[in-house]
Amino acid sequence: MLSKLLWLLVSPGNLLVLILTAGTALLFTRRMAHWGRRLVVAVTVGFVIIMVTPIASWVALPLEERFPRPDLPERVDGIIMLGGAVNPPITRDRGEPSLNDAAERVLGFAELIRRYPQAHAVFSGGSGRLAGQDALELREDLAVRGALRQVGIDPDRVTYENESRNTWENALFSQRLVEPKPGERWVLVTSAMHMPRSVGIFRRIGWEVIPHPVDYRTRFGGRPFFRFEFDKQIDALQDPVREWIGLVAYRLMGRTDTLFPGPAHDRDAAQAGS
C-alpha cells in the first residue's frame, strides 16, 4: 500500500504538477516568492525537456537492452507469464477481455505455449489495486483466460496464480504453487523493461529462469522517438521511471541481490542445463 501511495506522489506527471502548485503558492508569499519563481521555472524547463526530447527512450533503453532475447532450447519444462497486461475493471464491466499497453505479454505467452506443448504454463497475477483486492472479478486471471481463448489457447491449459499483488509475490507465490525442480528450464515472459527487476527477484528466491522479454517500447539500436506531444511523452516516461525506482527499492529491501541484474547468471544456468 505504501508503494502505491508513494508512486502517486513521485510519478513524473503528478510530481511536476505538485511542484508547480507549490511554486505558484509560494509566489503569493513575501519571504518565499523567489523560491516560488525558481520552482515554476524548473517545472517549465521540465515540461519542455519532456516535450521536445526523447527522454522517455533514454530512460527506458538501458532497461530494455539489459536482457537480449535468447535462443530458446529445444526442451522447456515451464513457461511463466507475469501479470500487468490486462484491465480487470473494464473486463468485468464489458464482459470482454481488455488488454493494455503490455498486451504483447499475452501474445508471447501464447506463442510459447504452442511451441512447447508439453511445458507447464503458468500465469501469475492477482490484483495490485489499493481497493477491491479481495474481489475475485477484479483479479487478472479472468481477463487472461478470455484473452488466451481469443488467440486460440485453451485457458485450462494454464495454471493460474491469482493472489499476488506485486512482482515479488508473483515469483514467490508461483514458486510455492509449481515447486520447480533443480535443473528444470523455465522461461519467464514479461515486458522488456520489467525484466531486470523480475529476473533479480527470481534469482533471489533461488529460481533460475530464462528471460524472454516482450513488449518493447524503444526502437532497435536506441533510435529515439521524437514526439512533440506532451501527453504521449509523459505517458511513455511513467513505466521506465517506475522500474528504476522499483530496482532501487527492491535492492534496499533485499528482494534482489544486485541493483541492476544482468544476463551473466542466465548464461551459466543455460550451460548447466544443456
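Over all pairs of distinct alpha carbons, what does the Kirkwood formula give as the hydrodynamic radius of the range 142-215, in Å?
13.4 Å
Which loop trypsin sites (Lys or Arg not before Pro) in the range 1-69, with loop taken from DSSP, have no more than 16 other Cβ atoms within 10 angstrom of their Cβ?
Here the sparse-neighbourhood loop sites are 30, 31.
Might you report the magnitude of the Cβ-based charge dipole of the chain about its Cα centre, with Lys and Arg at +1 and Asp and Glu at -1, to the nearest 20 debye?
It comes to approximately 1040 debye.
Would you list 163, 137 from the most to the least accessible area, probe 1.4 Å?
The residues order as 163, 137, largest area first.
For residue 2, what accessible surface area do you get with a 1.4 Å probe? Give it in Å², rounded to 10.
120 Å²
Long-range amide H contacts for residue 158: which residues qualify at under 5 Å (H placed 1.01 Å from N, peptide plane, sequence gap of 5 or more or a different chain)?
The answer is none.
To the nearest 10 degrees, how steep is helix 264-273 against the longest Cα principal axis of the chain, on a 0 to 90 scale?
On a 0 to 90 degree scale, this one is about 10.
What ranking, highest mean first, results for peptides 73-85, 9-21, 108-120, 191-203 when packing means the other Cβ atoms within 10 Å averaged over each residue?
The peptides rank, most packed first, as 191-203, 73-85, 108-120, 9-21.
Mind ranking 35, 244, 58 by accessible surface for me, highest first, 1.4 Å probe?
Ranked from most to least accessible, the order is 58, 35, 244.
Against the longest principal axis of the chain, how steep is helix 104-115, in degrees 0 to 90 to the nearest 10, with axes from Cα atoms?
Once rounded, the angle reads 10 degrees.
Hey, of [x] 1.11; [y] 0.99; [z] 0.95, which did the structure itself give for Cα Rg over 2.2 N^0.38 Å when calculated?
Among [x] 1.11; [y] 0.99; [z] 0.95, the one derived from this structure is [x].
Tell me the angle of helix 230-252 to the major Cα principal axis of the chain, expressed in degrees between 0 and 90 and rounded to the nearest ten.
70 degrees
The values are calculated or read from the model by the stated rules, or taken from the named source; none is laboratory data. Predicted model, so just to flag it, every value in this text is computed and none were measured. Reconstructed Cβ throughout: ideal geometry from the backbone, glycine too, with neighbour counts over all protein chains shown. These accessible areas exclude ligands, DNA and RNA; they are computed on the full protein's heavy atoms, side chains included. Shrake-Rupley method; radii C 1.70, N 1.55, O 1.52, S 1.80 Å.
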